[in-house]
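Below is one structure; the comments refer to it alone.
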Amino acid sequence: MLLSTYLKQNADADLAYLLDNVMVACKDIAFRLNQGALAGILGAAGTENVQGEDQKALDVISNDLLKDTLLSSGVVRGIASEEEDLPVAGSADGKFLVLFDPLDGSSNIDVNLSVGTIFSILPAADGADGGAEATYLQSGRNQLAAGYVLYGPSTLLVMTLGKGVDIFTLDTKIGEFVLTKEQVKVPETTKEFAINMSVQRFWEAPMQQYIADCIAGETGPLGKRYNMRWVASMVAEVHRILTRGGIFMYPYDNREPGKPGKLRLMYEGNPMSFLLEQAGAMSTTPYENIMDINPEKIHQRCGVVLGSKEEVKTVQSYYKI
């Protein structure tokens, strides 16, 4: 089934049109990534984003592609991007707000590893200002749709409309996404974890102990031998969890004590949590469910522990939750 047919059957006309526009931009990003150095998209842009992070050339290109496509659609009240300081207003009568990370894992571009685009769609309240930060400060429970496009050996769209999670593969011969896997479910248990071990010394004590117990293997308190994975791309990490189970963690650490985590709630935490909950998995900070957070800032950060339900509960037990 083509994505266009799927959307007609599962979403109202305006939401279907919006999602089609998101995919127009993502297909363009996929083409440029496929071209690599031939398209002049490698290397640094020489600028920083609002997070103070060095931007890659394709960070800027991807952001502009999504921004221009969405704002011209006529159904978007406004957009908020991880790469933009402030939201940008769209059509005054647009029904939707779109938040996105245009290129997650962009540090992987120059070494030809997987990256992705993450998107979240919220309703726009009547009369809301699409250019005002307050308009976007909604709980993750309000999301109408969320998903990501994984640019890997094949280009995949993974999406939820609140009725489970489905996966589409881009058929480059026809330029369309085709439904290839329906109603994905994450195994409840796992022996695989993903975390950046290089910052272990900065974690809180409960996370330190949990990882130590994972490493202890079958003779340790958790009684099983774990494998560790780390790709430095949240999209790639989450896709592995959706495919075969696992747990991904980017917890609070004390390198910047005033920030509750590194990943962004609105652009990464909420959409990925929506997807995983719809696939039977679980997400937490680990102190509270990510989608229950009432955001105070558009670029708010949060700790992230998400994946196979029983393993997430195990991590929470270390925090005495």
Exercise for the section: Mind scanning LYS181/LYS297; LYS8/LYS173; LYS173/LYS262; LYS95/LYS262; LYS95/LYS309; LYS262/LYS320 and naming the pairs with a C-alpha gap bigger than 27 Å? Expected result: LYS181/LYS297; LYS173/LYS262; LYS95/LYS262; LYS95/LYS309
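Over the chain, what is the mean sequence separation of C-alpha contacts under 8 Å (at least six apart), divided by residue count, expressed as relative contact order in percent?
So the answer I get is 15 percent.
With a ≥ b ≥ c taken as the square roots of the eigenvalues of the C-alpha gyration tensor of the stretch 3-181, please select rounded if a/c is under 1.5 and otherwise prolate if a/b is larger than b/c or oblate if it is not?
oblate
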Practice task
With springs connecting C-alpha atoms under 10 Å apart, model the chain as a Gaussian network and identify which of ASP12, ASP20, ASP101 has the largest mean-square fluctuation.
Solution key: ASP12
Practice task
Would you calculate the separation in nanometres between label points at THR172 and ASN142, each defined as 7 Å from the Cα along the Cα-to-beta-carbon direction?
Solution key: 4.0 nm
Practice task
Could you check which residue among GLY152, GLY78, GLY245 shows the biggest mean-square fluctuation in a GNM of the chain with a 10 Å Cα cutoff?
Solution key: GLY152
Completion exercise
Under the helix-only model (-39500 (n - 2.57) for each DSSP H run of 4 or more, divided by the residues of the chain), the mean residue ellipticity at 222 nm, to 500 deg cm²/dmol, is -8500 deg cm²/dmol
Completion exercise
Fewest-first ordering of THR160, THR189 by Cβ atoms within 10 Å yields THR189, THR160
Problem - In the stretch 114-206, GluC sites (Glu not before Pro) in a DSSP loop with at most 12 other beta-carbon atoms within 10 Å - result: GLU182
Completion exercise
Any trypsin sites (Lys or Arg not before Pro) in the stretch 133-221 that lie in a DSSP loop and have at most 11 other Cβ atoms within 10 Å would be LYS163, LYS173
Exercise for the section: Please identify, among ARG264, ARG301, ARG255, the residue showing maximal mean-square fluctuation in a Gaussian network model of the chain using a 10 angstrom Cα cutoff. Expected result: ARG255
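No value in this document is a laboratory result; all are computed from the given coordinates. None of the values given here were measured: they were computed from a predicted structure. Using ideal geometry, Cβ is built from the backbone for each residue, glycine included, and neighbour counts are taken over all protein chains shown.
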